[in-house]
Amino acid sequence: MAKTEYKYDVAIIGGLGHVGLPLGIVFASKGLSVVLCDIDRKKAELVQKGIMPFIEYGAEKLLKDAIASKKLLVSLNDNQIKKSKNIIIAIGTPVDEYLNPKTRDFLEFVASIRQNLSTDQLIVVRSTVYPKTCEQMLNILGKNKKWKIAYCPERIVQGYAIRELTQLPQVVAGLSKEAVDEASALFKKIAPEIIKTEMGEAELIKLFSNAWRYVQFAMANQFYMIANNFNVDYENVRKTMRKGYERAASLPGAGFAAGPCLLKDTMQLSAFSNNNFLLGHAAMMVNEGLPNFLIEKIMKRHNIAKKKVGILGMAFKADIDDIRDSLSYKLGKILRFHGATVLYSDEFVKDHTFVPKEQLIKDSDIVVIAVPHSAYKNLTIPKNKEVIDLWHIAKGGTQIA
């Protein structure tokens, strides 16, 4: 039987997202031919011009080089999938309004591209999926055929994927030895080390990693609330705890714990454990409750219906432009519910309703530094302004919480 000739080494489905695009750029930088398959026409037009549609440090030059060399192409047509030797699915499992994973959506997507897949290809699931999803894919594709399905979870920090893809070991699991071997060979082209593991282990590694971080942030935020209610500065407590004491070195600072992965993966792990992940439930309550705690502190000192409150930082973390699940918006919504006039500003997020940080500080009675963007470090705020600065990065102002 003649060997199938493929036009591309790799096709990445969801290739214009925060997971798929950096991965495609790095593969292309190593000489592989990559096609990015997506449905976002606006992003596609930008990428084809060598322009990153979101902040990813170190990506722009590599993208321009890959586009110029024709090692990286963009397609809005699913037919390109059948022309690729390796298929990487970089779309995750959403959660519904009841906090349950919508596994069916992912499987229905796999069914929709079934006609473009063959057993000659390696199919790699890259984003977080609910445990056992890869096995369920076999029911969609057909158990009577020898499909090569691997799970190679991403564990990168958003904004720094280009660096971390070539520095972090890659976990590889599969439903067959052939799938594991081929996935290992593929990712060995970019990763310094391949760690082969069982499918169930790999699925839990991804969920445990994000849930662990989320619970750690919840501990810090709970400590912050306890200290604040005791009129003690949590950050001073933390610094003293960590100084020369390695066992406390990993204690994080307080702050909004958000983004598209930590909360969602904690939810998925909770659902998978039949809602018995009690620490996860508690972490959600603490982290999602921090905006309410801050507003309660403000309301003890002010009638906020008569105040202008400025929120500095609308992205979900520092020095990026991604607003998905950002708690800054929740904070603003609750403030408006209580009658406050709310101003927004961000150094990276583009929104015509936002104002420059200088104007926000000038016009606001109360300033909340919600995200520790580098531009806010040592920011001087007039002493007549009330300030909530969980990160201790600004100067001046009168601390509320």
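Right, Leu63: part of a strand (DSSP E or B), over 21 Å from Val171 (Cβ atoms), in contact with a helix residue (DSSP H, G or I) (Cβ under 9 Å, 6 or more places away or on another chain) and in contact (Cβ under 8 Å) with a residue 12 or more places away in the chain or not? Here the answer is no, as Leu63 does not meet what is asked. In the range 117-140, the qualifying residues are those that are surrounded by fewer than 18 Cβ atoms within 10 Å (Cβ to Cβ) and in contact with a Phe, Trp or Tyr (Cβ under 7 Å, 6 or more places away or on another chain), and the one that is modelled with the highest pLDDT is Thr119. Tell me, which residue of the range 1-49 that is of a type in the set (Asp, Glu) and assigned to a loop (DSSP other than H, G, I, E, B) is modelled with the lowest pLDDT? Among them, the one singled out is Glu5. Scanning the range 272-291 for residues that are of a type in the set (A, V, I, L, M, F, W, C) and within 20 Å of the chain's Cα centre (by Cα), which turns out surrounded by the fewest Cβ atoms within 10 Å (Cβ to Cβ)? Applying the filter and picking the extreme gives Met285.
Tell me whether the range 306-326 contains one or more residues that are assigned by TED's automatic domain parsing to the domain that holds Arg238, among the basic types (Lys, Arg) and surrounded by 18 or more Cβ atoms within 10 Å (Cβ to Cβ). Break it down stepwise before answering.
Just the residues of the range 306-326 that are assigned by TED's automatic domain parsing to the domain that holds Arg238, to begin with: 306-326.
Pick out the ones that are also among the basic types (Lys, Arg) and you get 306-308, 317, 324.
Checking which are surrounded by 18 or more Cβ atoms within 10 Å (Cβ to Cβ) leaves us with 307, 317.
Scanning the range 306-326 turns up at least one residue that is assigned by TED's automatic domain parsing to the domain that holds Arg238, among the basic types (Lys, Arg) and surrounded by 18 or more Cβ atoms within 10 Å (Cβ to Cβ).
Checking the range 292-301 against the condition returns no match, with no residue being in the same structural domain as Phe348 (by TED's automatic domain parsing), of a type in the set (Phe, Trp, Tyr) and buried (at least 21 other Cβ atoms within 10 Å of the Cβ). Looking only at residues of the range 336-355 that are more than 26 Å from the chain's Cα centre (by Cα) and within 28 Å of Lys383 (Cβ to Cβ), we find that the one that is surrounded by the fewest Cβ atoms within 10 Å (Cβ to Cβ) is Gly339.
Of these, Ile381, Ile334, Ile361, Ile388, which one is in the same structural domain as Val286 (by TED's automatic domain parsing) and in contact with a Leu (Cβ under 6 Å, 6 or more places away or on another chain)?
On the way: Ile381 fails: in contact with a Leu (Cβ under 6 Å, 6 or more places away or on another chain); Ile334 fails: in contact with a Leu (Cβ under 6 Å, 6 or more places away or on another chain); Ile361 fails: in contact with a Leu (Cβ under 6 Å, 6 or more places away or on another chain).
So the residue among Ile381, Ile334, Ile361, Ile388 that is in the same structural domain as Val286 (by TED's automatic domain parsing) and in contact with a Leu (Cβ under 6 Å, 6 or more places away or on another chain) is Ile388.
Within the range 36-81, restricting attention to residues that are in contact with a strand residue (DSSP E or B) (Cβ under 9 Å, 6 or more places away or on another chain) and either of a type in the set (Lys, Arg) or in the same structural domain as Asp319 (by TED's automatic domain parsing) (or both), the residue that is farthest from Arg324 (Cα to Cα) is Lys71.
Inside the range 74-87, residues that are in a strand (DSSP E or B), in contact (Cβ under 8 Å) with a residue 60 or more places away in the chain and among the hydrophobic types (A, V, I, L, M, F, W, C) make up a count of 1. From the list Arg336, Arg324, the lone residue that is charged (D, E, K, R) and under 25 Å from Asn228 (Cα atoms) is Arg336. Which one is surrounded by the most Cβ atoms within 10 Å (Cβ to Cβ), of the residues in the range 383-401 that are among the hydrophobic types (A, V, I, L, M, F, W, C) and not in a loop (DSSP other than H, G, I, E, B)? Here the residue is Val387.
The values are calculated or read from the model by the stated rules, or taken from the named source; none is laboratory data. Model, not experiment: these values are computed from the prediction. Glycine gets a Cβ as well: all are built from the backbone with ideal geometry, and neighbour counts include every protein chain shown.
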